[in-house]
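Note sheet for the following structure.
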Ligand code: SF4
């Protein structure tokens, strides 16, 4: 169980996964790549963004979302007071599909369980943001991004928030940008809610109830911690509505 691992152990495991990805030959995508793109960001990130696959610039640099899409992502993060060094960013497939074509089922079927699922388990983010149709299809089978963007679902105290791919927003000539901001602004509240859900209840102080005890004073001045009760493509960048990988389910 990863929950029993120390941060050093998780870091070592995630570094090892990144190393495996950089030399991976498990699917045909390795044949055309310049650099594989494991992901970027702190291993302790509360928010994980999952795109589809590396593009030209990402393939050249070995980093995710470094082109125009990355700049829009950074702009949106700034709207909510974050920067890319505070979030973990990765993709469904770690190697660039030729000519930026869609990733194939066999490629995703190899890469997701081999790498992405392990990254999610080890980083254990509070919120997973899907960017684009293929990423969304992993967590929202049969859904259409135009219907569910910005609408989170909760599983095991983690929020899953589907969003448009930044490339689709860029192609919209800003007509989708206002909605994109609205969707991004939901992220801080989701992280806060996730933290509340996993926060253990504060046990009563053994001296609570004795009027003259120090505990009685503390009880008067501190807010009581109460755990909260646990609790649907923009026009996507790719004009297909069928989910890409119904068979892939992380959970
Ligand atoms: S896309 Fe994933 S499975 Fe395919 S070669 Fe790259 S790292 Fe390996």
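Observations on the model:
- Test result for residue 67, touching a helix residue (DSSP H, G or I) at 6+ places or on another chain (Cβ under 6 Å) and either away from the ligand (no atom under 14 Å from the Cβ) or within 19 Å of residue 169 (Cβ to Cβ) (or both): yes
- Looking only at residues of the stretch 52-64 that are crowded, with 20+ Cβ neighbours inside 10 Å and outside any loop (DSSP other than H, G, I, E, B), we find that the one that is nearest to the ligand (Cβ to nearest atom) is 59.
- Test: residue 84 is more than 15 Å from the chain's Cα centre (by Cα), crowded, with 19+ Cβ neighbours inside 10 Å and either within 16 Å of the ligand (Cβ to nearest atom) or within 16 Å of residue 37 (Cα to Cα) (or both): no
- Residues (within 16 Å of the ligand (Cβ to nearest atom) and in a helix (DSSP H, G or I)) located in the stretch 3-28: 14, 15, 16, 17, 18, 19, 20, 21, 22, 28
Listed here are the residues, each with its yes/no results for (1) within 16 Å of the ligand (Cβ to nearest atom); (2) in contact with a strand residue (DSSP E or B) (Cβ under 9 Å, 6 or more places away or on another chain).
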site	(1), (2)
118	yes, no
122	no, no
139	no, yes
158	no, yes
178	no, no
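- Exactly one residue among 129, 112 is within 16 Å of the ligand (Cβ to nearest atom) and either at pLDDT 95 or above or more than 28 Å from residue 20 (Cα to Cα) (or both), and that residue is 112.
- The stretch 11-27 residues that are within 16 Å of residue 59 (Cα to Cα), paired with ones that are outside any helix (DSSP H, G or I) and near the ligand (Cβ under 10 Å from one of its atoms) (beta carbon under 6 Å, 6 or more apart): 18/38; 21/36; 21/38; 21/94; 22/36
- Counting only helices (runs of 4 or more DSSP H) that sit completely within the stretch 71-161, those holding 2 or more residues that are over 27 Å from residue 30 (Cα atoms) correspond to 145-148.
- Candidate set from the stretch 157-175 (those that are at pLDDT below 95 and more than 19 Å from residue 55 (Cβ to Cβ)); member that is surrounded by the most Cβ atoms within 10 Å (Cβ to Cβ): 175
- In the stretch 29-51, residue nearest to residue 82 (Cα to Cα) [restricted to those that are out of contact with any helix residue (DSSP H, G or I) (no Cβ under 7 Å at 6 or more places or on another chain) and near the ligand (Cβ under 9 Å from one of its atoms)]: 30
The values are calculated or read from the model by the stated rules, or taken from the named source; none is laboratory data. A quick note: this is a predicted structure, and the numbers were derived from the prediction, not measured. Using ideal geometry, Cβ is built from the backbone for each residue, glycine included, and neighbour counts are taken over all protein chains shown.
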